[in-house]
Amino acid sequence: MTPCLQAENISKSYGSLTVFSGISLVINQGDKVALVARNGEGKTTLLNILSGKDTADSGTVTSKRGLSVGYLEQEPELNDGLTVLEQVFFSSGKVVRAIREYEAAVATGDQGQIERLTAQMDALQAWDQETRAKQILTELNITEFNKVTSHLSGGQRKRVALAKVLIDEPELLILDEPTNHLDLDMIEWLENYLGRSGMTLLMVTHDRYFLDRVCSRIIELESSNIYNYQGNYSYYVEKRAERLENIRAGTDKARNLLRRELEWMRSTPKARTGKSKSRKDAFYELKEKASGPQETGTIKIKAGTRRLGNKIVELRHTGKKFGNETVIDDFSYIFSRFEKVGIIGRNGTGKSTFLNIVTGSAKPDTGVVDKGQTVRFGYFRQEGIIFDDNQRVIDAVRDIAEVVRMSDGSSISAQQFLNHFLFPPQRQHDYIGKLSGGEKRRLYLVTVLMRNPNFLVLDEPTNDLDIETLNVLEDYLATAGICLLVVSHDRFFLDKISDHIFVFEGNGVISNFPGNYTQYRNHLKENPYGKAGEPAGGKSASGKPATTSPGRDKKKIGETEPRGKKRLGFKEKRELEQLEKEIEELEREKAEIEAALAGGNLQGDKLHEYSARYAVVDAELDARSDRWLELGESEE
């Protein structure tokens, strides 16, 4: 194999923060490599160094002579004074440079240059380059070729920058989160394009299907160590699990040896003076091995949620327009308890607008949105929130709450809650400005979940989150006693968490497909001229009325909640508040009793006492929960 790019023993720090130290890697010609690491490990910093945008503090980076490199950054820098088409041709690539020089020669009428460049264009087969550029831009939903770059949205800028590096066809293509700001059709197109391309590829992405289908090698960066896996993402997951299991086995063996060595080291002071230096050195090496590698931890999301009554959210004949463009057309739907809905559709079809209407952040032009009394939204917005970079992580969380209620009824401090999200104590006291983009997204997720929502609304939550964070978030969402509404372009994520899919087809049409994303795509392949699914409500070819979730608590099509319920009086409202407090106390006591019974340390009368009390607590909890639901279902 011919090395294309090689890094040897490189290190990088920013002030007192060491990003990584002494890492080495090789990218061979023709490789399609993914770089995988937790947020904050230095993925983007490493890409900047390998691309030549930044330099390492120490070590060397060498490349093949004359290597052309194309780099798509997370936040690409474009020339705001150029049009879209000028932007993609503003490049040093041979073909693009020849086209630009030829166009300039034609503009000035320089016949000598025209003849020379015509021959060069023939040799480079560059005449169809403009057509190809427009085709790639169109695949990425950029069709206004003469639009000035400064007038583009952030997502459009990213797609223009992606088109630019693809059109250049560099020998080495480096991509930092290329699927961000792409809809699902674009991602599948890019997946196929890169899979067929002969370019050497190095990329960072959290899209696991993309990794599995495009990449043939995975490089993992963990605590300044590089681990190579010669295979796709599925192979990496299997072999990484084996590596971690071997580490655990070795650590357990070292701990057993350490116990014996500890007895030797702790013998009398007189004896200790005669210990050989080599054996003492070996002891300390063994001690380090027994402690295992740097603890990477897992994100244990077990935040509590407020109880959810039977009435969730009803949308009746809702509609929304922007000028002459209809994004939601006469939409009706009744959400059921605990259903989990994925939302897909091309950019600009109204997905984020729909979330804003459901949560009350925006009003529909027509129709009604009726929210149940017990619903408490947690809204993770695509644009995120603006943190104060001069504020410490722990202070940003304490501004929301000093204590967080957990799902088992217990409470933990803000510091402990941050620990669950891989913010160790020293990181909690760092300034937010020192966090990576992915760490800021994780912190944002913390601030949403710690408010204990029972209806979670997520708008592109997977952007900039690392794979480990996504794995645990998916597990939490799949089992949490909440309603979930999520817009995502991450196919793996949608497959794991969604009961069914809302498909935004454009022109205000929303269809409801009873399955996950992969099932939806298979359905389209089998029925290329059929419908995506049943209309989710309102106007349609079939004229069917409003529908509800195909998941839990199914209702007949068109069924609505009973009307005319009695409003809660003062006493009932006070009772409802008191019940919430009593239920929390009973849940906490139940959890404590379960822990004591599971511990196996109770004997005789104590065991009998705890068992009897558990039955009483369980019955009281059921009774109060039933009464709480009865009151909570009354209309406001």
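Beta carbons within 10 angstrom, averaged per residue: use that to sort the peptides 101-111, 412-422, 435-445, highest first. All intermediate terms of the calculation are to be shown ahead of the outcome.
On the way: 101-111: 12.6, 412-422: 19.0, 435-445: 20.5.
Result, highest mean first: 435-445, 412-422, 101-111.
Contour minus end-to-end for E592 and D389, with contour as 0.36 nm per residue of separation and end-to-end as the Cα-Cα distance? Don't skip to the answer; put the middle values down first.
On the way: separation 203, 0.36 × 203 = 73.08 nm, distance 4.00 nm.
Length gained between E592 and D389: 69.1 nm.
Counting alpha carbon pairs within less than 8 Å and at least 6 residues apart, what relative contact order, in whole percent, applies to region 28-147?
Values: 56 pairs, mean separation 23.4, N = 120.
It comes to 20 percent, rounded to a whole number.
Could you work out the relative contact order of region 82-210? I mean the mean sequence separation of Cα pairs under 8 Å and 6+ apart, divided by the number of residues, in percent. Don't skip to the answer; put the middle values down first.
On the way: 126 pairs, mean separation 35.3, N = 129.
The normalised contact order for region 82-210 reaches 27 percent.
On full extension of the chain, what length is gained from T55 through T138, given 0.36 nm per residue of separation minus the C-alpha to C-alpha distance?
Numbers: separation 83, 0.36 × 83 = 29.88 nm, distance 3.56 nm.
Roughly 26.3 nm would be gained on extension.
Using only the alpha-carbon atoms of region 169-257, report the extent along each of the three principal axes, biggest first, to the nearest angstrom.
Principal extents (Cα only, largest first): 55, 26, 20 Å.
So which of K340/K371; K12/K434; K134/K158; K94/K147; K371/K573 end up more than 23 Å apart, counting from Cα to Cα?
On the way: K340/K371 17 Å; K12/K434 15 Å; K134/K158 16 Å; K94/K147 25 Å; K371/K573 18 Å.
In this structure, K94/K147 exceed 23 Å between Cα atoms.
Report the label-to-label distance for Q426 and S153 in nanometres (one decimal), using points 7 Å from each Cα along the Cα→Cβ vector.
For Q426 paired with S153, the spin-label model returns 4.2 nm.
Starting from region 127-197, pick out the chymotrypsin sites (Phe, Trp or Tyr not before Pro) whose DSSP state is loop and whose Cβ has at most 14 other Cβ atoms within 10 Å. Walk me through the numbers on the way to the answer.
Values: sites: W127, F145, W189, Y193; in loops: W127, F145.
Taking region 127-197 and a limit of 14 other Cβ atoms within 10 Å, the loop chymotrypsin sites (Phe, Trp or Tyr not before Pro) found are W127.
Can you find, among I394, S436, F423, the residue sitting farthest towards the positive end of the charge dipole of region 394-438, where Lys and Arg contribute +1 and Asp and Glu -1 at Cβ?
Positive-end residue among those listed: S436.
What spacing in nm lies between the two simple spin-label points modelled at E130 and S68, each 7 Å away from Cα in the Cβ direction?
Taking the two extended label points, one gets 2.0 nm.
If packing is taken as the average count of other Cβ atoms within 10 Å, what order do 203-211, 316-324 fall into, highest mean first?
203-211, 316-324
If you average over every viewing direction, what projected area does the convex hull of the Cα atoms of region 61-201 give, in nm²? Before the final figure, lay out each step's value.
Numbers: hull surface 37.8 nm².
Mean orientational projected area (region 61-201, Cα hull): 9.4 nm².
Read the figures in this text as sums done on the coordinates, not as results from a lab. No experiment lies behind these values; they were computed from the predicted model shown. Because the Cβ atoms are built from the backbone with ideal geometry, glycine has one as well, and the counts that use them run over all protein chains shown.
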